[in-house]
1. With the condition kept exactly as written, say whether any residue in segment 210-218 is in contact (Cβ under 8 Å) with a residue 60 or more places away in the chain, within 19 Å of Thr274 (Cα to Cα) and either surrounded by fewer than 22 Cβ atoms within 10 Å (Cβ to Cβ) or not hydroxyl-bearing (Ser, Thr, Tyr) (or both).
2. Pairs only if they're at least six apart or on different chains, beta carbon under 8 angstrom, first in segment 127-143 and of a type in the set (Lys, Arg), second surrounded by fewer than 15 Cβ atoms within 10 Å (Cβ to Cβ); list them, first residue then second.
3. Scan segment 256-267 and tell me whether some residue there is surrounded by 14 or more Cβ atoms within 10 Å (Cβ to Cβ), among the small types (Gly, Ala, Ser) and within 13 Å of the chain's Cα centre (by Cα).
4. Taking Val240 as meeting all but one of (1) at pLDDT 90 or above; (2) in contact with a Lys or Arg (Cβ under 6 Å, 6 or more places away or on another chain), write down the number of the exception.
5. Any residue at all in segment 145-163 that's out of contact with any Ser or Thr (no Cβ under 6 Å at 6 or more places or on another chain) and farther than 28 Å from Val224 by Cα?
6. Sort out which residues of segment 156-176 are more than 15 Å from Glu199 (Cβ to Cβ) and either touching a strand residue (DSSP E or B) at 6+ places or on another chain (Cβ under 7 Å) or not assigned by TED's automatic domain parsing to the domain that holds Leu193 (or both), and write them in order of number.
7. Suppose we filter segment 131-179 for residues that are surrounded by 12 or more Cβ atoms within 10 Å (Cβ to Cβ), aliphatic (A, V, I, L, M) and within 19 Å of Asp94 (Cα to Cα); how many remain?
8. State the number of residues belonging to segment 219-246 that are buried (at least 21 other Cβ atoms within 10 Å of the Cβ), without any contact (Cβ under 8 Å) to a residue 60 or more places away in the chain and within 17 Å of the chain's Cα centre (by Cα).
Amino acid sequence: MKIRPLHDRVIVKRLEEERKTASGIVIPDTAAEKPDQGEIMAVGPGKRDDNGKHIALDVTERRRMRDTLNYYVRQVLTAQEEERKRIARELHDDTSQGLTASILSLDAAQMALRANSAKAEEHVTTGKAIVEQVLASTQRLMRDLRPAVLDDLGLVPAIVSHAEERLTPQGISFTVQGQGSERRLPSTMETALYRIAQEAITNVVRHSRASEVLITLDVDDRNVRLVVQDDGVGFNLSSVLAATQGGRGLGLRGMQERALILRGECRIETAGGTGTVVTVELPNTYREEDHGQDSGVAGR
């Protein structure tokens, strides 16, 4: 049966009488009162409850759910592609070029040995230093993909480790405070909060020109709240979020979507010259079988 708007008052009245007993989605009163709003309700063959009555379907709601699902699938695929691009760039810029340089250094050492040159040891030393740099770069890439400290010690130590690695070399001081973080959160929540903090810290390093960063994590029986605040130059939030391709806008939207998936929210407060505050609030889904250590307060 073709789905169409229900303009027939007789059908609308019948559906209104059946709405309280139908086993499907209940038709709101407003839908029966305003049948001219489009595809609000539909009836199809084979859609009946145990009493043989037709089940009314909220087509608009189904369409909204389908569109929302498609949107998140697109966002996930886009994020995956961006991550692959980033990894490819780092492997090319650091790992690939570093290994090439070490090979050239070892070739030079080999030729120097054949010529009994005193420069052989110098070439070997240079090659070793390059390999050490490649190793450090590879380890950093592995930590970015999945930091072991997050699984082993929990969210606050993982954030401290990442902040120390990214902020300290840039001369940016930071403080990480944890209240109620002695108990572990579900893995999906810890991962989402870590990724949001990671993106916020990356933005501080790349864009903020900040000198100080304060990161707080507050956990109680009802909510989990993460705040990343810097004293940098701030930015125009609307114009950044309006960007349609990659870059900073994609990262900010990714932060908001991670929070939304866990039925929470991510607020970004900023303006030129005022610094930036990223606040994430999630409902606490802590389970007793999850446990951890008190991470306390850390700073650099």
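1. Looking only at segment 210-218, we keep the residues that are in contact (Cβ under 8 Å) with a residue 60 or more places away in the chain, and these are 210, 217.
With the extra rule that they be within 19 Å of Thr274 (Cα to Cα), the set shrinks to 210.
Keeping just the survivors that are either surrounded by fewer than 22 Cβ atoms within 10 Å (Cβ to Cβ) or not hydroxyl-bearing (Ser, Thr, Tyr) (or both) gives 210.
Yes, that holds for at least one residue.
2. Arg140/Glu165; Arg143/Glu165
3. Taking every residue of segment 256-267 in turn, at least one turns out to be surrounded by 14 or more Cβ atoms within 10 Å (Cβ to Cβ), among the small types (Gly, Ala, Ser) and within 13 Å of the chain's Cα centre (by Cα).
4. Answer for Val240: the failing condition is (1).
5. Within segment 145-163 (the criterion being out of contact with any Ser or Thr (no Cβ under 6 Å at 6 or more places or on another chain) and farther than 28 Å from Val224 by Cα), the answer is no, since none of the residues qualifies.
6. Hits for segment 156-176 are Val156, Val160, Ile172, Ser173, Phe174, Thr175, Val176.
7. 5
8. Looking only at that region, the number is 2.
The values are calculated or read from the model by the stated rules, or taken from the named source; none is laboratory data. Note that the coordinates shown come from a computational prediction; the quantities given were computed from them, not determined experimentally. As a convention, Cβ positions derive from the backbone with ideal geometry for all residues, glycine included, and neighbour counts pool all protein chains shown.
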